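A short worksheet on the structure shown next.
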Amino acid sequence: MLVFTLRRLSLFIFTMLLLTLLSFSLNFLFPGETIINLTGAINATPSQLTELNEAYQTHRNIFWQYITYLGHIVNGDLGLSMASQSDIRAEITNLLPATIELSLVALLIAMLVGVPLGFIAAIKHNKLTDNLILSVSMLGYSVPVFWLGLLAILTFSINLGWFPSAGQISLLFEIESVTGIQFIDILLSDSPYKWQAFSDATAHIILPACVIAVAPATIFIRLARTSMIEVLDTSYIRAASAKGLTFQQIIFRHAIRNALIKIIRHVGLQFANLVTIAMVTEVIFSWPGIGRWLIESIYQRDYTAIESGLLVLSCFIFIVHILTDFIFAALNPLARGNKHGTG
Amino acid sequence: MKGVLLMNYIKLMIVSLLSLLLSACNEEGKLSLSERSVIYCAEGSPETFNPQLVTSGTTIDATSNQLYDKLISYQGDGSSLSPALAKSWHVTHEGKKVTFYLRKDVVFHHTGYFTPSRLLNADDVIFSFKRVLDTEHPYHFVSGGNYPFFKNSALSDLIYDIEKINDYTVRFHLTHADNSFLANLAADFSIILSAEYAEQLTKKKTQSDIDTHPIGTGPFKLKEYRVGSLIRFYRHLQYWQKPAYIEQLVFDITPSNTGRLTKLLAKECDVVAYPIAHEKITERDDLSLEEVTALNVGYLGFNTDKAPFDNKLVRRAISYAINKKTLLEAVYQGKAEVANSLLPKTSWAFDESIPKQTFNPVLAKRLLTLAGHSEGFTMDLWIMPVQKLYNPNAMTMAKLIQNDLKRVGITVNIISYEGNSFLQQLKRGEHQSFLFGWSADTPDPDNFFRPILSCSATKTGTNTTFWCNQEYDAIIKKALQTTNINQRKKYYAQAMAILTQEAPLIPIAHSKRYQARGNNVIGDILTPFGAINFSQVSKLNLTKKKKLEPHLPQRIETNIINTGVN
């Protein structure tokens, strides 16, 4: 397990180095002055600029500049937003939890819906149910998310009035931000309207989370289906069947657990895809997350924000990726011993 | 076995989550927070929380009637005034001295950043006005020192002193008698600030907080403002009138028109400013659409200093050649009334006898021939392509006018200017004709006649027609000196008759202001003049519940009607 952990850690460090190298080079590639792209200090006076140049060591060679840049990032200094002149780190710490919350709920929905459906399809392999589930998943995968989002608002918010169309929670509730994760903050708060706030926040998250979940869910259907078919084809299942276990016993006791392990390996990969979808969905549902903020920054040509936002978001995705690897390894002893890790 | 356990676990989770949701909905049968609060979807963020500093409608809507009170306020249609912070007043010395007697029970907001130690008194009134009028006042230049309403209405020239008689009596000394003075004091801009709060800020050296962290006497106090996102108000429980019914008022700032519509349809907003898609709203049973003809006028003005518009025959010819009905349909989409003169119907001085302007190209052609322009001519029409309440689409309007005038032989060149350069060039008189408009700050008719067309306004730059008529000026001056309302009405009718004859500008439309709300929200919000007001607003369930509870002690006499709600 130690070797496994070390290997993941080194992978993480090298990937992060590459990512920072990329974001560092963006400063030179974006139009405008490098130091201003780097710090976002568009209104800086000449004396402040000299200070900034000193802080970022711009007179030295590019390697040292990169090292100082890394130092600033490690210390959490991401510069100022060019558009609003506010501290980017503060903005990101405000917004990232909302995105994490939304993505995790979406991931949960995608797994809870996708995996069982995939299993059912595999059990009913090549029958009508299988074909039906496969065609629906194909359809779900092909639908563009912005269209689906608008359609969901039109149907469920405007026509049926079941769910709200925008925001994280009704503006009436004042929830103090402690962890940034809304649901936890609500439970921690001492508002007399705690439970109203909780149900309101739940109603707000359902629609965007479901819209995000559609595409990953279809992928989980296919993954679950394939891995279940594989498992059902193995010799130990056949042996169990020969022992006289009922079909239900075989599925619940043996097949599901083994099939699930194979799926978990792909969760990390799917998460990147899911966050991309979440960014678009955040815009449609006015969700106060980092995706919407990043897209707005792109509109406003806020280079400092784009750079730091990308860095933080990719870092977050990578961490989730590694976490799923760990979960996979914890559940599957075979993976731990695998000397030629698949990353 | 583990698989079965897992499934059971998931089932348990779902059941417990659902029961949690259900229990949340039926919590003790008491009114939920949303039943005690109102969410208003506003069209933009306020620039400041002090209406003295601005003229923008968005800011006034968010601040004036919510956070502050005035000395006096308008009653009904705006033709008469009612007491507010001043319980009575009287005018002496031929209208040159106006004395106000203040209420003794007015409490300022108690908030997280200020705790008042005393009630409202004369110092607060003097502070509020001196700050604006006295350029040497320590607070005058805090937040820029620009007070557009007071500058435009020439209050700083009119008031030469404000005297404190005793703690609850204040006297204004005027340079001359002016009937619009009281109306100006009742305008949304003439609010009363707290002098005690200002003192405290001076000590802390954070003077500019007076306009960003407001303290007033109004029905609501500011709880929280997130720029570009929301304004949260709490009810002011010690309000000197009956406290507001709703506990919380939230302005959800939604600049996108479709965003506001969606939030209305999805019931995320109780009340929505300037809604689009009116048919969609009216076809729903649970929503209603309200309108009020605002005190404004969109017009086509001429530079009467320049040929050929120095000839009133030409000006009148054009007034007959323009088909206002088409303009109203195409530009305002029916959201306006045809303007026959400067004043809209909602003004108390509106005169029914003013003849309706007809569309008559034949007559127009005849007048042009009479003026010696039988061959027609070419003219420049200046427009500002920015959406305004009085003219939502100046470009379309200009093109339609171009088309209409072509039929009588006049070629129109449309010249479009962006923002400020338009106003500056107009003031310099470089134009021939222009599309413009006026939104009144007070319901006093003088606010239309004087700034747009008087001789003195040609100098201050609000009269860009440069039309100066002594007879007209004399009439509007006389109208200000009499207190008899019928007499004033007669004077203004005479002034309007002169305008019809002279046609220095062609009034086109009075646009309406729209608002949509869910039917569970009751009480008036829109006022025909000035800012919205939430002090009388309630929710259906809230009032039902209220009736069961013992009534709160009535704090004011019933004959006082709150600011202009009708």
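The values are calculated or read from the model by the stated rules, or taken from the named source; none is laboratory data. Computed from a prediction, not measured in an experiment: that's the story for all the values here. Positions of Cβ are backbone-derived with ideal geometry, glycine not excepted, and every protein chain shown enters the neighbour counts.
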**Request:** Check every one of the helices (runs of 4 or more DSSP H) wholly within the range A:1-87 and list those with 2 or more residues that are at negative phi and basic (Lys, Arg).
**Result:** A:2-29
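Name the residue, out of B:ASP188, B:ASP209, that is more than 30 Å from A:ASP200 (Cβ to Cβ), within 22 Å of the chain's Cα centre (by Cα) and away from chain A (no Cβ under 14 Å). Step through it out loud before you land on a result.
Values: B:ASP209 fails: within 22 Å of the chain's Cα centre (by Cα).
Going through B:ASP188, B:ASP209 in turn, just one is more than 30 Å from A:ASP200 (Cβ to Cβ), within 22 Å of the chain's Cα centre (by Cα) and away from chain A (no Cβ under 14 Å): B:ASP188.
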**Request:** Please tell me if A:ILE186 is in a loop (DSSP other than H, G, I, E, B), closer than 24 Å to B:LYS263 by Cβ, modelled with pLDDT of 85 or more and more than 9 Å from chain B (Cβ to nearest Cβ).
**Result:** no
**Request:** Return yes or no: is B:LEU405 part of a helix (DSSP H, G or I) and among the aliphatic types (A, V, I, L, M)?
**Result:** yes
**Message:** Contact list please: Cβ distance under 7 Å, first residue in the range A:231-258 and within 13 Å of chain B (Cβ to nearest Cβ), second residue of a type in the set (Lys, Arg) and surrounded by fewer than 18 Cβ atoms within 10 Å (Cβ to Cβ), pairs at least six apart or on different chains.
**Reply:** A:ARG257/B:LYS2
**Request:** Could you please let me know if B:GLU329 is in contact (Cβ under 8 Å) with a residue 24 or more places away in the chain and among the acidic types (Asp, Glu)?
**Result:** no
**Item:** Those residues of the range B:217-234 which are more than 10 Å from chain A (Cβ to nearest Cβ), buried (at least 21 other Cβ atoms within 10 Å of the Cβ) and in a strand (DSSP E or B), in sequence order
**Value:** B:PHE220, B:LYS221, B:LEU222, B:PHE233
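Scan the range A:66-83 residue by residue and report those that are touching a residue at least 24 places away in the same chain (Cβ under 8 Å) and of a type in the set (S, T, N, Q).
A:SER81
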**Request:** For A:THR202, indicate whether it is within 30 Å of A:SER286 (Cβ to Cβ) and within 14 Å of another protein chain (Cβ to nearest Cβ).
**Result:** yes
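Which one of these is modelled with pLDDT of 90 or more, more than 11 Å from chain B (Cβ to nearest Cβ) and in a helix (DSSP H, G or I): A:LEU134, A:LEU150?
When all the criteria are applied, what remains is A:LEU134.
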**Request:** May I ask you to list the residues in the range B:235-267 that are facing chain A (nearest Cβ under 10 Å), outside any strand (DSSP E or B) and surrounded by 23 or more Cβ atoms within 10 Å (Cβ to Cβ)?
**Result:** B:THR254, B:THR262, B:LYS263, B:LEU264, B:LEU265
**Request:** Kindly check whether there is at least one residue in the range A:153-167 that is out of contact with any Lys or Arg (no Cβ under 9 Å at 6 or more places or on another chain), more than 14 Å from chain B (Cβ to nearest Cβ) and free of Cβ contacts under 8 Å to residues at least 40 places away in the same chain.
**Result:** no
**Asked** Based on what the data block shows, is A:ILE158 part of a helix (DSSP H, G or I), over 30 Å from B:GLY259 (Cα atoms) and either at pLDDT 85 or above or under 28 Å from the mean Cα position of the chain (by Cα) (or both)?
**Response** no
**Request:** Say whether the condition of being at pLDDT 90 or above, among the acidic types (Asp, Glu) and farther than 28 Å from A:LEU9 by Cβ is met by at least one residue in the range A:280-288.
**Result:** yes
**Asked** In the set A:HIS254, A:HIS204, A:HIS266, which member is under 30 Å from A:ALA305 (Cβ atoms) and part of a helix (DSSP H, G or I)?
**Response** A:HIS204
**Request:** Using the structure shown, decide if B:THR135 is at pLDDT 90 or above and more than 23 Å from B:ASP446 (Cα to Cα).
**Result:** no
**Item:** Those residues of the range B:408-431 which are under 28 Å from B:SER56 (Cα atoms) and either at pLDDT 90 or above or part of a loop (DSSP other than H, G, I, E, B) (or both), in sequence order
**Value:** B:ILE414, B:TYR417, B:GLU418, B:GLY429, B:GLU430, B:HIS431
**Request:** Considering only the range A:50-102, state which residues are aliphatic (A, V, I, L, M), crowded, with 16+ Cβ neighbours inside 10 Å and within 24 Å of the chain's Cα centre (by Cα).
**Result:** A:ILE73, A:LEU78, A:ILE88, A:ILE92, A:LEU95, A:LEU96, A:ALA98, A:ILE100, A:LEU102
**Item:** Breaking point among (1) surrounded by fewer than 21 Cβ atoms within 10 Å (Cβ to Cβ); (2) over 30 Å from B:LEU363 (Cβ atoms); (3) under 28 Å from the mean Cα position of the chain (by Cα), for B:ALA479
**Value:** (1)
**Prompt:** Since A:SER165 meets every condition but one in (1) farther than 30 Å from B:ARG226 by Cα; (2) in contact with a Ser or Thr (Cβ under 6 Å, 6 or more places away or on another chain), which condition does it not meet?
**Reply:** (1)
**Item:** Among the residues listed as A:ILE212, A:ILE181, A:ILE219, the single one being more than 11 Å from chain B (Cβ to nearest Cβ) and either acidic (Asp, Glu) or closer than 30 Å to A:HIS254 by Cβ (or both)
**Value:** A:ILE219
**Prompt:** Looking at the range B:366-401, which of the residues that are farther than 24 Å from B:ARG316 by Cβ and in contact (Cβ under 8 Å) with a residue 40 or more places away in the chain is surrounded by the most Cβ atoms within 10 Å (Cβ to Cβ)?
**Reply:** B:MET384
**Prompt:** Just checking, which of A:ILE284, A:ILE306, A:ILE322 is closer than 30 Å to A:ARG89 by Cα and within 13 Å of chain B (Cβ to nearest Cβ)?
**Reply:** A:ILE284
**Prompt:** Does B:ALA474 fit the bill of being loosely packed, with under 15 Cβ neighbours inside 10 Å, outside any loop (DSSP other than H, G, I, E, B) and small (Gly, Ala, Ser)?
**Reply:** yes
**Fill in**
Checked the range B:317-329 for anything over 12 Å from B:ILE508 (Cβ atoms) and modelled with pLDDT under 90; matches are B:GLU329
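Yes or no, residue by residue, for (1) under 28 Å from B:GLU47 (Cβ atoms); (2) without any contact (Cβ under 8 Å) to a residue 40 or more places away in the chain:
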| site | (1), (2) |
| --- | --- |
| B:LEU120 | yes, no |
| B:ILE126 | yes, no |
| B:HIS140 | yes, yes |
| B:ILE165 | no, no |
**Request:** Looking at (1) farther than 25 Å from B:PRO392 by Cβ; (2) buried (at least 21 other Cβ atoms within 10 Å of the Cβ); (3) modelled with pLDDT of 80 or more, find the lone condition where B:ALA509 falls short.
**Result:** (1)
**Request:** Just give me the residues in the range B:44-64 being over 23 Å from B:LYS130 (Cβ atoms), in contact (Cβ under 8 Å) with a residue 24 or more places away in the chain and either touching a Leu at 6+ places or on another chain (Cβ under 6 Å) or buried (at least 19 other Cβ atoms within 10 Å of the Cβ) (or both), in sequence order.
**Result:** B:PRO46, B:GLY57, B:ASP61, B:ALA62
**Message:** Given (1) facing another protein chain (nearest Cβ under 10 Å); (2) touching a residue at least 40 places away in the same chain (Cβ under 8 Å), identify the lone condition not met by A:ALA197.
**Reply:** (2)
